[in-house]
Structure formats: C-alpha cells, structure tokens
Amino acid sequence: MNNKQPSVSVLFLLLSILFCVCLIAANLFATKQIAIGPINVTGGVIIFPVSYIVNDCVCEVWGFRKARLLIWTGFAMNFFFVIMGALCDIIPAAPYYDNAEGFHGVFGLAPRIAAASFLAFLIGSFVNAYIMSRMKIRSEGKRFSLRAVSSSLAGETIDSLIFFPLALGGVIPFEEMPQMVLWQVVLKTTYEVAVLPLTIRVVRYVKRYENSDVFDHGISYSVWKVFNI
C-alpha cells in the first residue's frame with residue numbers, strides 16, 4: 001500500500017493566499033477615491049498591482065500552468081467574497097444598526113461594476129502570465145526585470161481598457177476616460193518598477209528554496225485546463 005501523500009509547496013500556498021487577499025482588498029479599497037498629488041484614482045491602486053507581482057513570481061518559478069491555477073483560484077475567491085457581501089447587504093439590517101448606508105457603500109457593488117471587474121481581471125491576468133511565460137522562453141530565462149515590467153504593463157493596460165468603459169461608460173464623460181485609463185496604467189506600472197528590487201530578491205529566494213525554474217516548453221496555454229498542473 002502506498003501511503004505517500006502529494007506534497008504542497010508552502011511558498012506557493014502563501015503566495016496564493018496573498019494573491020487572493022490582494023484581489024479582495026482591492027474591491028474594498030476601490031470604494032474610496034484618493035488623491036495622489038493632482039491625480040484622483042481609486043484606493044485599489046494601492047494594492048492591486050501586488051497581484052501582478054505575485055503572478056509574475058509564480059509564473060517565473062512554477063510556470064504558466066501554476067499561474068493559471070492561481071488566477072482561477074483568485075477569481076473564485078473574489079467571486080465568493082462579492083456574492084457573500086452582496087447577500088449580507090440585501091438582508092435587512094437589525095433595528096439598532098445605523099450604518100447600513102456605509103455598509104452598502106462598501107459591499108453593495110453594482111452588478112455592472114462587478115462583472116467588469118471580473119472580466120478585466122481574468123483577461124489582464126492571463127495576458128500577463130502568457131507574455132511572462134513566452135518572453136522567458138525566448139530570452140532563455142534572462143532579463144527578468146524586463147519581462148516582469150513588460151508583462152505587467154500589458155496586463156494592466158488590458159485590465160484598465162476593459163474595466164473603465166464597461167464599468168463607467170456613460171457615467172463619466174467619454175473625453176475623461178482615456179486620461180483615467182492612462183493614469184491607472186502609469187501609476188500601477190510605476191508601483192511595480194519601484195518594488196522591482198524586492199521582487200527580484202523574492203524570486204531568487206523562492207527559486208533556490210523550491211529548486212524550481214520552469215520553462216513552459218510544449219504546454220497548452222488554454223485558460224480552461226485549470227487542473228493540468
């Protein structure tokens with residue numbers, strides 16, 4: 001009888017938890033508009049780029065297939081959180097509870113915004129992972145910094161181009177949309193560049209600890225093969 005159990009990478013597990021927390025927190029933070037100098041953006045810009053950094057780390061160390069599992073796991077956890085928050089928001093408040101309006105402002109995510117957020121996240125994250133994987137093969141594992149920034153720039157641009165028109169089209173003036181998208185991409189990319197030295201150190205440590213540096217030769221890039229890891 002074979003009692004050997006499949007092992008689970010502790011670091012992959014921790015990064016997956018961080019990824020899911022970032023996605024959920026981004027939804028909460030996005031309910032507040034913040035000012036960074038003269039620029040007004042959503043609070044989600046503080047933490048959402050971390051999800052792309054984690055995505056880059058996972059794709060670099062374990063390959064596209066693990067990144068695919070990570071992305072769908074993040075999507076599922078975020079979807080579950082939004083649904084539970086909406087359900088709690090719909091249930092009538094207790095007679096003595098006087099913060100229903102504030103709770104609704106945080107958890108009463110409009111279906112249109114939620115759908116735009118989910119779609120933008122999925123497409124942007126998979127674009128990021130695909131470019132990261134293909135560039136690694138072409139560069140033979142070199143120039144991680146260029147690959148990390150390039151893939152995140154592409155993913156975050158796609159994310160913003162999908163989210164803002166779908167979520168806010170007709171709500172904000174059309175002529176304001178390009179500027180809003182541009183600033184979101186610029187700030188998120190600047191964020192990633194700023195923490196790149198830390199990202200490089202984390203990736204090097206994880207590679208040594210896991211003894212893993214996957215190149216995605218001959219794999220399927222289908223987004224649906226979730227459990228093909």
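Quick notes
- Checked against the criteria, Ala167 does not count as farther than 19 Å from Ile46 by Cβ, small (Gly, Ala, Ser) and buried (at least 17 other Cβ atoms within 10 Å of the Cβ).
- Looking across region 1-25, just one residue is open to solvent by less than 40 Å² (accessible area, probe 1.4 Å) and either over 19 Å from the mean Cα position of the chain (by Cα) or modelled with pLDDT under 80 (or both), and that is Ser9.
- Residues considered: Leu182, Leu109. Of these, the only one that is open to solvent by 20 Å² or more (accessible area, probe 1.4 Å), at pLDDT below 95, in a helix (DSSP H, G or I) and hydrophobic (A, V, I, L, M, F, W, C) is Leu182.
- Residue within region 91-102 that is open to solvent by 50 Å² or more (accessible area, probe 1.4 Å), under 27 Å from Phe164 (Cα atoms) and not acidic (Asp, Glu) present: no
- Residue within region 71-80 that is among the hydroxyl-bearing types (Ser, Thr, Tyr), part of a helix (DSSP H, G or I), touching a Lys or Arg at 6+ places or on another chain (Cβ under 9 Å) and in contact (Cβ under 8 Å) with a residue 12 or more places away in the chain present: no
- Leu119 open to solvent by 40 Å² or more (accessible area, probe 1.4 Å), of a type in the set (A, V, I, L, M, F, W, C), more than 22 Å from Val61 (Cβ to Cβ) and in a helix (DSSP H, G or I): yes
- For region 198-229, a tally of residues being closer than 20 Å to Arg68 by Cα, of a type outside the set (Lys, Arg) and in a loop (DSSP other than H, G, I, E, B) returns 17.
- Ile229 touching a residue at least 24 places away in the same chain (Cβ under 8 Å) and exposed (fewer than 15 other Cβ atoms within 10 Å of the Cβ): yes
- In region 203-223, the residues that are over 18 Å from Ile131 (Cβ atoms) and within 18 Å of the chain's Cα centre (by Cα): none
- Condition check for Ile83: assigned to a helix (DSSP H, G or I), under 30 Å from Pro178 (Cβ atoms) and of a type outside the set (Phe, Trp, Tyr): no
- Counted residues, region 26-45 - those being surrounded by 19 or more Cβ atoms within 10 Å (Cβ to Cβ) and in a helix (DSSP H, G or I): 4
- If the condition is being open to solvent by 10 Å² or more (accessible area, probe 1.4 Å) and either of a type in the set (Phe, Trp, Tyr) or within 15 Å of Lys207 (Cα to Cα) (or both), then region 58-67 contributes Trp62, Lys66.
- Any hit, region 135-142, residues being in contact (Cβ under 8 Å) with a residue 12 or more places away in the chain, in a helix (DSSP H, G or I), out of contact with any helix residue (DSSP H, G or I) (no Cβ under 8 Å at 6 or more places or on another chain) and open to solvent by 30 Å² or more (accessible area, probe 1.4 Å): yes
- Apart from one condition, Ser125 fits all of (1) loosely packed, with under 15 Cβ neighbours inside 10 Å; (2) in a helix (DSSP H, G or I); the exception is (1).
- Residues located in region 185-197, provided they are part of a helix (DSSP H, G or I) and either within 28 Å of Leu161 (Cβ to Cβ) or touching a His at 6+ places or on another chain (Cβ under 8 Å) (or both): Val185, Val186, Leu187, Lys188, Thr189, Thr190, Tyr191, Glu192, Val193, Ala194, Leu196
The values are calculated or read from the model by the stated rules, or taken from the named source; none is laboratory data. Note that the coordinates shown come from a computational prediction; the quantities given were computed from them, not determined experimentally. Methodologically, a virtual Cβ is constructed for each residue, glycine included, from the backbone with ideal geometry; neighbour enumeration extends over all protein chains shown. What goes into the accessible areas is simple: the full protein's heavy atoms, side chains included, and nothing from ligands, DNA or RNA. Shrake-Rupley method; radii C 1.70, N 1.55, O 1.52, S 1.80 Å.
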